[in-house]
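*Asks:* Would you mind keeping the following structure in view while I ask a few things?
The values are calculated or read from the model by the stated rules, or taken from the named source; none is laboratory data. Model, not experiment: these values are computed from the prediction. Here Cβ is always computed from backbone atoms with ideal geometry, including for glycine, and neighbour counts include all displayed protein chains.
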Amino acid sequence: GLAAVINKKNGKSPGDVKVAMAFENDPFSLDVRAGVLDDIKKHGLKVVVDDKLPRDLSDMTPTLRKAKALKADLLVVSGHSKGAATLGRQVVEMKVNVPMVAVTHCESAKLIKKFGAGVDGFLCPTQWAETLTYSGKYFGSAGEYDKLFKATFDGYKNVPYQAAQASAAVLVWAEAFERANSFDTEALRDALAATDMKTFYGSIRFSKAGNNIAKPMVLRQIQNGKLNVVAPPEWASHPVEWPR
């Protein structure tokens, strides 16, 4: 969606926006691919490269060559931490100047630490960030949770969203136990299904399938060595830098 909006502002119709994509052949990445394809279809963008990454994730030269040759407007990659690190390294080595690059696992791949300015402008999806204006009765705001986590556990420059997610999961269980007032499986399941909470991690409410439908994913961009929220607009702490 962000690619469509930015390119439209710069005079390109959605059908002219070229997308190059490469995904690991595993359930997580293929799930990401399905979501990306839904978004591409919704906004009418054009897929010009749709690759599966090699099993060892150590080389994505063919994908990057095609992205360069076809002048892709957007490059999307999902290959866990190793794939993200390979992308960071090879984008720098091959001087790949695609104006918009989106990749999963930016933090766990330590992209900023390893590649510095070479990965400036990369877009990184996340479930949570400390600048979001979420708050609840436990931990207070997202920013307060961030400060408490860093004060409690040494060595964290950025708090991983997985840590915030794990804390939120414990809160959901604690509230469900209180409301069920029982260890009965059915009562607990019903209490979990009825969850409707506001927390430092965001709102939590489950669909019948069990996924949280009350909170959006957000997109951060590496800007001068920092991860800043750039989308959706209502949660953005910084404007998106385009082209990267």
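*Asks:* Can you spot a residue in the range 111-131 that is crowded, with 18+ Cβ neighbours inside 10 Å, hydroxyl-bearing (Ser, Thr, Tyr) and more than 26 Å from residue 164 (Cβ to Cβ)?
*Replies:* No, the range 111-131 has no match at all.
*Asks:* If I filter the range 10-37 down to residues being over 14 Å from residue 53 (Cβ atoms) and acidic (Asp, Glu), which single residue comes out as modelled with the lowest pLDDT?
*Replies:* 16
*Asks:* If only one of 180, 174, 142, 168 is farther than 30 Å from residue 10 by Cα and in contact with a helix residue (DSSP H, G or I) (Cβ under 7 Å, 6 or more places away or on another chain), which one is it?
*Replies:* 180
*Asks:* Within the range 144-162, does at least one residue satisfy the condition of being among the polar types (S, T, N, Q) and under 21 Å from residue 230 (Cα atoms)?
*Replies:* Yes, some residue in the range 144-162 is among the polar types (S, T, N, Q) and under 21 Å from residue 230 (Cα atoms).
*Asks:* So, one more: State all residues of the range 67-89 that are surrounded by fewer than 18 Cβ atoms within 10 Å (Cβ to Cβ) and at negative phi; if no residue qualifies, say none.
*Replies:* 68, 69, 70, 81, 82, listed by residue number.
*Asks:* Determine which member of the set 212, 181 is of a type outside the set (Phe, Trp, Tyr) and either surrounded by fewer than 11 Cβ atoms within 10 Å (Cβ to Cβ) or in the same structural domain as residue 117 (by TED's automatic domain parsing) (or both). Write out each step before concluding.
*Replies:* Values: 212 fails: either surrounded by fewer than 11 Cβ atoms within 10 Å (Cβ to Cβ) or in the same structural domain as residue 117 (by TED's automatic domain parsing) (or both).
Only one candidate passes the filter, namely 181.
To keep it simple, each residue is scored yes or no on (1) closer than 20 Å to residue 107 by Cα; (2) in contact with an Asp or Glu (Cβ under 6 Å, 6 or more places away or on another chain); (3) not hydrophobic (A, V, I, L, M, F, W, C).
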{"residue": "182", "(1), (2), (3)": "no, no, yes"}
{"residue": "201", "(1), (2), (3)": "yes, no, yes"}
{"residue": "214", "(1), (2), (3)": "no, no, no"}
{"residue": "217", "(1), (2), (3)": "yes, no, no"}
{"residue": "230", "(1), (2), (3)": "yes, no, no"}
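*Asks:* Give the range 167-210 a look and list any residue that's part of a loop (DSSP other than H, G, I, E, B) and closer than 29 Å to residue 152 by Cβ, or say none.
*Replies:* Across the range 167-210, the qualifying residues are 195, 200, 201.
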